[in-house]
């Protein structure tokens, strides 16, 4: 249910979040009070449960019996939930299957047939359920999803996100041209009507978008007619809803856009000229943008979803993230599953670090991202990209409790070797523990996950 | 104990291994008989247990009560054990900790202090035990290890490998120059004597090298005097033992070698001129080799360990694997932990695939490796690199049973979401299942591991 809560919470222990792009903050022995709407109402360092009960509860009008207490054990820490700014729920079954393809043949070989098959509600239910369970287990508390062109199955994705408690943007894919006969919108008008149908459905199930929000989703310029994009630009203006699409991922794609839209100055201008580039627009990939395009995106306050695993896997190229950050553009991370092979943002963090080193091999050391920076992109950066920087991405009073409890493995524990990765020997500093988690962690280290104060995943022991 | 066995085995089910560099073979419903020395004595497709007992056992002189039967369930498969051709056991605690360093400052900042600290036998025992347990859990049945300069702790690594049952090459690091005062060999003579001490120790504990073999290990040219390398070259000639070292990893390292060894034509010539380049030499990295160096390595039948995770992580560059393969050079995979952040060869396979795509971004599509090729490198390729191509790397009569049982996750199973990654929906082909495993698998999918017929790891359920 939208707005479903589980009462008041006290979280105790170490909290880690981004203080700035380049710096993590480590809050030790901290007490966090989260109210029954999932909102953080108090954060106090150097508090234990007794002190919290004695001095915080009275101020909040809380009494002991009302409150669920969750304690991070020694070495464990709370971290903001990950934000996946670009993920195709409908491609989940193809994760890892892409052969030697690049974007355009990948779409035709693997992607369109899979997406098309999800017009079966039964299949869509299986696939979307698993996708949500998996991404939650990897600590993804917010996802900006692409579904398919099918209204019923896109609406089902919204229902499931609401039911599992994952914060989500739900995009019905719009594509009325250059797409296969078996998988395309019939006309610009039908694409617009179907988009409105999903918007209406979400308005019914979550009227104030507490958890689920529609997002206008022209697939990418090559599969959208100019009329369709004008329609969607007008719809954005009318509704104020966010927009997501792909941009400048692959050189052949860019050439194709040049051929299809010869009257527009660039790929970025195509979107801008159709009213689709603004402060609520999430542009995925942005691998090969010209300086002029970067400037235009900055001017329009457009946002960028960096999808490093995908860009390497289907050989798209390397996005120049340092340059985008220096321009002051907001950047988040995306799995782009299944162009990216993994549903995990932790994997996207690793790949962002590695890809930035490939950029550095040519462009110099300053191109490298640090562990701290990649973690920022996955939380506060992502929050800005989806327009929720006031609500999620870090731990501050007034923000909502979208968090994960992280536990590494103490080598002197009695756990079996497969129980949990990331061996900690005991002498590591906190920043070293974070680095170890980033490079060798997986869903086993994400012990529990909350969205808006609601426990949405827990590792079964 | 060396040669420890667990009697006769019958393995039943699907087997997958490399038929050639570019092709996997899928053997369905196959029976494999492994004798009490761990040697495969029969492989018969289309056999079940009853048929095996009826028609295979009599021919082998086996009777039912003697044989341990292991059955791969529907969807599971046996795969050859992974071969890690380059791994620093002594750097395991640093896995994931490398910041923005590159090779030379990485050595001084993280690596030498850690390795030096393992002169403490107690610490070495903790670290090496965990390293072996972890690598076994990831399916590494053979590892070519670098230990440290310490003889007792290097000997301990050999003892532990023997005791855990991991096939291993054990290298005492030789480094008598340009190394910190707290961590260097006193002289070329002491380095040689210490190397001999480890060789003698292994001759005592595993006289016929059934499982553990010494490997002559000049760390890399910059940390070895010419006299030391001549000593080690002569030792190789005397003993016939394998050699491992690093080559052409980083451009600053290559410049340094040019300065230190101005009378040698190239980095490769430095080793060759000291009698250290031959058919039993494993050269790790080989990122920036000139054509002449590649030709010389080919001429000497030298082997190459490709370490893609490391090359990306510490920004060394991209090895041109396709070119090496086309030259006919034997290539295997190495984790190079902790230059590489992961103890897992499955991660090295993924990174080999991704790095080859980065090479392809500049060099063209033919540079891309396929899933099949990367799996070959991790098994048969690695076997050739460590000189065991007649013994391990695939399933043939006469080879030894170094194998892992792989299980993916059926989405309709009742397992908890964290129990096992790699969701299989049921419609995937076998090559698609392998691709899914390669890109999203981890140690949870490696249900059991055998070396020479001995069960050395099993996932606790």
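Please label the shape of the range B:363-460 as rounded, prolate or oblate, based on the square roots a ≥ b ≥ c of the eigenvalues of the alpha-carbon gyration tensor (a/c under 1.5 means rounded; beyond that, a/b larger than b/c means prolate, else oblate).
Oblate.
Angle check, please: helix A:430-440 long axis (alpha carbons) against the longest principal axis of chain A (alpha carbons), in degrees 0 to 90, nearest 10.
That helix lies at roughly 50 degrees to the long axis.
At 222 nm, what value in deg cm²/dmol follows for chain B if DSSP H runs of at least 4 each add -39500 (n - 2.57) and the sum is divided by all its residues, to the nearest 500?
Computed mean residue ellipticity for chain B: -10000 deg cm²/dmol.
As a footprinting exposure proxy, order B:295, B:206 by other Cβ within 10 Å, with the fewest listed first.
The order, fewest Cβ neighbours first, is B:295, B:206.
Which distances, shortest first and in nm, link residue B:19 to the matching position in the other copies, using label points set 7 Å out along Cα to C-beta?
Nearest to farthest, the other copies are at 6.0 nm.
As a footprinting exposure proxy, order A:273, A:66 by other Cβ within 10 Å, with the fewest listed first.
Result, fewest neighbours first: A:66, A:273.
Of the beta bridges DSSP finds with both residues in the protein assembly as shown, what % are antiparallel, to the nearest 5?
For the protein assembly as shown, the DSSP antiparallel bridge percentage is about 40.
What's the center-to-center distance, using Cα atoms, between the range A:357-397 and the range A:83-122 in Å?
26 Å
Can you tell me the alpha carbon radius of gyration of the range A:82-385 divided by the globular rule-of-thumb value 2.2 N^0.38 Å?
0.90
If each residue's Cβ is checked for other Cβ atoms within 10 Å, how do A:47, A:57 rank with the fewest at the top?
Neighbour counts put them in this order, fewest first: A:57, A:47.
So if the hydrodynamic radius of the protein assembly as shown is defined as the Kirkwood radius over C-alpha pairs, what does Stokes-Einstein give as its diffusion coefficient at 4 °C and 1.567 mPa s, in µm² per second?
It diffuses with D of about 45 µm²/s by this estimate.
Take the alpha carbon gyration tensor of the range B:35-75, find the square roots of its eigenvalues, order them as a ≥ b ≥ c, and report rounded if a/c is under 1.5; if not, report prolate when a/b exceeds b/c, else oblate.
prolate
Please report the relative contact order for chain B, taking Cα pairs under 8 Å with a sequence separation of at least 6, and give it as a percent rounded to a whole number.
Relative contact order comes out at 19 percent.
How many nanometers, to one decimal and shortest first, lie between the label point of residue A:460 and those of its other copies, if labels sit 7 Å from Cα toward Cβ?
1.8
Between the range A:423-440 and the range A:1-72, what is the C-alpha centre distance in whole Å?
25 Å
Compute the angle between helix A:188-205 and the longest alpha-carbon principal axis of chain A, please, reported from 0 to 90 degrees and rounded to the nearest 10.
20 degrees
In degrees from 0 to 90, rounded to the nearest 10, what is the angle of the helix B:226-239 Cα long axis to the longest principal axis of chain B?
Orientation of helix B:226-239: about 40 degrees from the principal axis.
Inter-copy label distances at residue B:255, 7 Å along the Cα→beta-carbon direction, one decimal in nm, shortest first?
Inter-copy label distances (nm, one decimal, shortest first): 3.8.
Using alpha carbons only, how many angstrom separate the centre of the range B:140-200 from the centre of the range A:219-294?
Answer, in whole Å: 58.
Read-outs: derived from the displayed coordinates by stated rules, not from any lab. Predicted, not measured: the structure shown is a model, and the values here were computed from it. No Cβ is skipped: glycine too gets one built from the backbone with ideal geometry, and neighbour counts run over all protein chains shown.
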